[in-house]
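In what follows, a single structure is set out as structure tokens and then discussed.
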Amino acid sequence: MSTDAEEVNEDRRKYEFRKVIEELKEYEGSGTQLVTIYIPEDRQVSDVVAHVTQEHSEASNIKSKQTRTNVQDALTSIKDRLRYYDTYPPKNGTVLFSGAVDAGGGQTDMVTRVLDSPPEPIQSFRYHCDSNFLTEPLEEMLTDKGLFGLIVLDRREANVGWLKGKRVEPVKSASSLVPGKQRKGGQSAQRFARLRLEAIDNFYQEVAGMADDLMVPKRHELDGILVGGPSPTKDEFLDGDYLHHELQDHVVGKFDVSYTDESGLYDLVDAAQDVLADQEVMKDKSQMEEFFEQLHTGEKATYGFGPTRQNLMMGAVDRLLLSEDLRSDVVVYECPNDHEEYEVIDSRHDDPGHVCSECGEEAEKTDREDVIEHLMDIAEQRGTETKFISTDFEKGEQLYDAFGGVAGILRYSTGV
Ligand SMILES: [Zn+2]
């Protein structure tokens, strides 16, 4: 149960991070006025304060008064924030952003944002000044991480390794004693061919053993295995069932790759881009397929903000499906005579207004909240799982376009 709850919070944190990053990416400053600091969890806060103090005093050499003031203000604001921490920053570290951003018409606004405890540990300290905030390292942490086993082979050599997220990690290699096609004089052709086949068979077994040792212990975490090499080697290898049967089931694609040294592992990942993109949305796809199946043949589907919210409130939603691209607010209206309350989803710039159906008075806006946070709050209270669905596939796009980005798979049919 606790892991479920943690997972929910993890999704929520990722969403909150994504939103702040989207905001930060919009900002621009002139020159190199926008300061970003990445602090790993094992870096003493006092070290960082000393670094920032140093930068602050160096900034006094900046000629333009405006720039100098802006940079020093940003650094002061960062120093103020650093006071909130004890000796070390929180788990996984922290990222601080501060600077004077263009507000149009020659004006600037001072912006300061702090992102504590990112989803992955910050690897190294970075102090960065630019006309934009540095968000890429955080964005990489937010992309879905996969674990893929990699095998490249021909009859001469083989390499195995991992693809972890976007990083290729070569692990082991082997080279074969398979003789070339040219037989030496005096050897019978038949005997030569037999020896050669034996050597090939031995080599495939060796490669499979190498892959088994590496990947069988991780088979439950694996998202797939990619196999590369020239034809017919990789086909012989796969068709011959050399791999452990549980690994064989994990093979998601085979690809023509010219090199079978370490660089071949990188070529394999390049060649497999389409398959990898498919794998990334595979889990989202199966959620959406289940939703559509319920929509067409069953009764356990709900969609659109209003009905989904109502079902959520009833505790009838098993899984809440939210489009990753959904960015809207929920506006709460209340009748001034206390007749009714409405929650309406609207786009950030277009507010339709509401009239009480009982007394006809214009309802008052009493609250405005991010729609995803609003729905996730209810979901958490009702023990409903939330799934974010990407728009990188057709049914994911449909969730966004046709269903307003909000849908649910129900525990039971409610008729709502
Ligand atoms: Zn009313």
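So, Gly396, is that one open to solvent by less than 20 Å² (accessible area, probe 1.4 Å) and under 15 Å from Met288 (Cβ atoms) or not? Yes: the conditions hold for Gly396.
The set of residues in region 235-264 being within 19 Å of Gln279 (Cβ to Cβ) and outside any loop (DSSP other than H, G, I, E, B) consists of Leu238, Glu246, Leu247, Gln248, Val251, Val252, Gly253, Lys254, Phe255. Do we have any residue at all in region 315-335 that's in a loop (DSSP other than H, G, I, E, B), open to solvent by 40 Å² or more (accessible area, probe 1.4 Å) and over 25 Å from Lys14 (Cα atoms)? No, region 315-335 contains no residue that is in a loop (DSSP other than H, G, I, E, B), open to solvent by 40 Å² or more (accessible area, probe 1.4 Å) and over 25 Å from Lys14 (Cα atoms).
Note on region 80-127: residues that are in a strand (DSSP E or B) and closer than 23 Å to Ser30 by Cβ total 19. Somewhere in region 409-416, is a residue more than 28 Å from Gln279 (Cα to Cα), more than 16 Å from the ligand (Cβ to nearest atom), part of a loop (DSSP other than H, G, I, E, B) and hydrophobic (A, V, I, L, M, F, W, C)? Within region 409-416 (the criterion being more than 28 Å from Gln279 (Cα to Cα), more than 16 Å from the ligand (Cβ to nearest atom), part of a loop (DSSP other than H, G, I, E, B) and hydrophobic (A, V, I, L, M, F, W, C)), the answer is yes, since at least one residue qualifies.
The values are calculated or read from the model by the stated rules, or taken from the named source; none is laboratory data. Quick caveat, the model's predicted, so the values are computed rather than measured. When we count neighbours, we look across all protein chains shown, and the Cβ atoms used for this are built from the backbone with ideal geometry, even at glycine. These area figures cover heavy atoms from the full protein model, side chains too; ligands, DNA and RNA do not enter into them. Shrake-Rupley method; radii C 1.70, N 1.55, O 1.52, S 1.80 Å.
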